[in-house]
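Worksheet for the structure shown next.
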Amino acid sequence: MNKKTIKIVSIILMAMVLIFSIANMALAAVNPADLTGTDPTDTSTVTGFGNQIIGILRIVGSIAAVIILMVLGFKYMMGSAEDKADYKKSMIPYLVGAICIFLAPMIAGAVYDFLQ
């Protein structure tokens with residue numbers, strides 16, 4: 001496909017998205033709690049679910065970080081001088097990633113507290 005065809009197709013797709021998004025608007029003065037029977041401002045279930053996902057990701061990330069550290073350490077001990085230089089270069093991105101994994105909950109908590 002040439003550039004002209006790609007531009008035409010993308011403009012048509014954007015126009016379709018715009019038309020369908022406008023057509024689906026509904027203006028109504030209905031309280032959502034009347035329809036569902038629940039309070040729409042209650043965010044405890046979403047917050048609890050998000051905390052569970054963050055906890056699982058933190059555990060999996062910590063386990064992966066420890067396993068990768070063990071593998072890199074073993075390869076570093078068994079490698080030649082040239083290999084050790086390569087492993088030192090690969091340790092810097094690993095350390096940045098590991099620090100991010102371990103500090104992410106604290107950073108997210110600080111941002112959340114700041115925005116509150």
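The values are calculated or read from the model by the stated rules, or taken from the named source; none is laboratory data. It should be emphasised that the depicted structure is a prediction, and the values quoted were computed from it without experimental measurement. Don't worry about glycine lacking a Cβ; one is built from the backbone with ideal geometry, like all the others, and counts go over all protein chains shown.
Working only within segment 67-92, note down all residues that are closer than 20 Å to LEU57 by Cα and either charged (D, E, K, R) or in contact (Cβ under 8 Å) with a residue 12 or more places away in the chain (or both).
Answer for segment 67-92, where residues must be closer than 20 Å to LEU57 by Cα and either charged (D, E, K, R) or in contact (Cβ under 8 Å) with a residue 12 or more places away in the chain (or both): ILE68, LEU69.
Count, please, the residues in segment 57-108 that happen to be exposed (fewer than 11 other Cβ atoms within 10 Å of the Cβ) and within 27 Å of THR47 (Cβ to Cβ).
4
Between a first residue in segment 93-115 that is within 15 Å of GLY55 (Cβ to Cβ) and a second residue that is modelled with pLDDT of 80 or more and of a type in the set (A, V, I, L, M, F, W, C), which pairs have beta carbons less than 7 Å apart while being 6 or more apart in sequence or on different chains?
Hits for this filter: ILE101/ALA65.
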